[in-house]
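Asker: Got a structure here, written out as structure tokens. Questions coming.
Just so you know, all these numbers are worked out from the coordinates, no wet-lab data involved. Everything quoted here is computed from the prediction, not taken from an experiment. A quick note on method: Cβ atoms are made from the backbone with ideal geometry, for glycine too, and the neighbour counts reach across all protein chains shown.
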Amino acid sequence: MTEEHPLLSVEDLVVEYPTAHGPFRAVDQVGFQLRRGGSLAVVGESGCGKSTLARALVRLLKPLSGRIVLDGTDIAALPERRLRPLRRRVQMVFQDPYGSLDPHLTAQQIVAEPLRLAGVSDRTERARRAAELIDQVGLPSSALHRHPADFSGGQRQRIGIARALASRPDLLVCDEATSALDVSVQAQVLSLLRDLQAETGIAYLVIAHHLGVVREISTEVVVMRAGRTVETGRTADVLAAPADPYTRALRRAALDPTAMRGLKPRHVLEGSSS
Ligand code: ADP
Ligand code: MG
């Protein structure tokens, strides 16, 4: 039997923020593995540490301890100089479609920027690749010369996805990439992500606070609460028979369409004991 090593292996990860009252531990001993081309979801109520985890994984934050092994290299403590060549391999799509794109740039410039950083020095080649990426995420070529303000939230997320794909990463971390969008637009973006995965074999780490997203797009799920892992397993199993009461409450939130839209799972949890 050959055991292929995982694309990403996270072990005992701890991330702290300095505060006036001393360090605050936002991620506490979290661990999981993600195989090449696989898709894993991290779910949990608002404030449980999902974005902190995501930012540590792409090394926008430096963890206090633990390992983040990307294709055999532990990047948890790597200095920036040694991190740089690995950065293009893990990209992130952010939650806020309005704040995450530079309003002064055209869609083409936004998508071409990572190509420039990756050393594609020929301007025409960058423009060609940007046009290809814009097409790949389902936007018309007329989008190329427009600015973020000209697009809807869903279209902006498509531009954010195109930008993230530009460096041909092995892993895309989507931090609630669809949660600011209307339900029908969410479904379109999720379907785009699924198609892109089928085309490119990219792996996903999808962060969500409701379980609908998870069911659509991930085979494995990690449930987080207050910085810790409360449950982990195959998505189908966890959804069918959640072992932890917290996961059951998250699942109830996912089944109730009103809870899905506005309510934070924390509120659902508070009401769940009755
Ligand atoms: P989530 O993405 O699950 O909503 P976050 O990772 O954003 O959660 O936040 C986890 C916890 O860390 C929260 O309690 C939040 O208030 C705290 N936190 C986030 N950023 C900072 C920061 N820069 N300084 C101090 N505490 C922070
Ligand atoms: Mg968050």
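Asker: Please state the charge dipole magnitude for the chain, taken about the Cα centre, from unit charges on C-beta atoms (+1 on K and R, -1 on D and E), reported in debye and rounded to the nearest 20.
Answerer: The dipole magnitude comes to about 480 debye.
Asker: What do you get for the angle between helix 245-255 and the principal long axis of the chain? Use alpha-carbon atoms, 0 to 90 degrees, nearest ten.
Answerer: The two axes meet at around 50 degrees.
Asker: Once you charge only the Cβ atoms, +1 for Lys and Arg and -1 for Asp and Glu, what is the size of the charge dipole of region 1-112 about its Cα centre, to the nearest 20 debye?
Answerer: 400
Asker: Here's a follow-up. Using the per-residue mean of other Cβ atoms lying within 10 Å as a proxy for protection, in what order, highest first, do the peptides 174-183, 158-167 fall?
Answerer: Highest-to-lowest ranking by the protection proxy: 158-167, 174-183.
Asker: Between rounded, prolate and oblate, where does region 129-189 land on the alpha carbon gyration tensor, with a ≥ b ≥ c its root eigenvalues, rounded for a/c under 1.5, else prolate if a/b exceeds b/c?
Answerer: Here region 129-189 falls in the oblate category.
Asker: While we're looking at this one, here's another question. Among 230, 58, 120, whose Cα lies farthest out toward the positive end of the dipole of the chain, if unit charges sit on the beta carbon of Lys, Arg (+1) and Asp, Glu (-1)?
Answerer: Farthest along the dipole direction, towards plus: 120.
Asker: I need two numbers for region 98-168: Rg to one decimal and Dmax as a whole number, Cα atoms only, in Å.
Answerer: 10.8, 31
Asker: Go through 31, 139, 245 and say which Cα lies farthest out towards the positive end of the charge dipole of the chain; charges sit on Cβ, +1 for Lys and Arg, -1 for Asp and Glu.
Answerer: 139
Asker: Turning to a different aspect of this structure: If I fit a long axis through the Cα atoms of helix 107-117 and take the longest principal axis of the Cα atoms of the chain, what angle between them do I get, 0 to 90°, rounded to 10?
Answerer: It is inclined by approximately 90 degrees.
Asker: Calculate the spin-label point distance for residue 226 paired with residue 123, positioning each point 7 Å from the Cα along the beta-carbon direction, and give it in nanometres.
Answerer: Modelled inter-label distance: 5.7 nm.
Asker: Right, next: Can you tell me what share of the DSSP beta bridges in the chain is antiparallel? A percent to the nearest 5 is fine.
Answerer: Antiparallel: roughly 55 percent of the beta bridges in the chain.
Asker: A further question on this structure: Taking Rh as the Kirkwood radius, which is the inverse of the mean 1/r over Cα pairs, what is the Rg/Rh value for the chain?
Answerer: So for the chain, dividing Rg by the Kirkwood Rh gives 0.97.
Asker: Residue 39's amide H: which non-local residues (gap 5+, or another chain) put their own amide H closer than 5 Å, with H modeled 1.01 Å from N in plane and none for Pro or chain starts?
Answerer: Those qualifying (amide H under 5 Å, at least 5 residues apart or on another chain) are 204, 219, 220.
Asker: Relative to the longest principal axis of the chain, what angle (0 to 90°, nearest 10) does the C-alpha long axis of helix 123-136 take?
Answerer: So the inclination is approximately 50 degrees.
Asker: Express the Stokes-Einstein translational diffusion coefficient of region 1-73 in µm² s⁻¹, to the nearest whole number, given a Kirkwood radius over alpha-carbon pairs, 37 °C and a viscosity of 0.692 mPa s.
Answerer: After rounding, the answer is 249 µm²/s.
Asker: Another question, then. Enter the Cα centre distance for the pair region 46-60 and region 24-38, rounded to the nearest angstrom.
Answerer: 10
Asker: With charges set only on the Cβ (+1 for Lys and Arg, -1 for Asp and Glu), what does the dipole of region 98-168 come to about its Cα centre, in debye to the nearest 20?
Answerer: Dipole magnitude for region 98-168 comes out near 80 debye.
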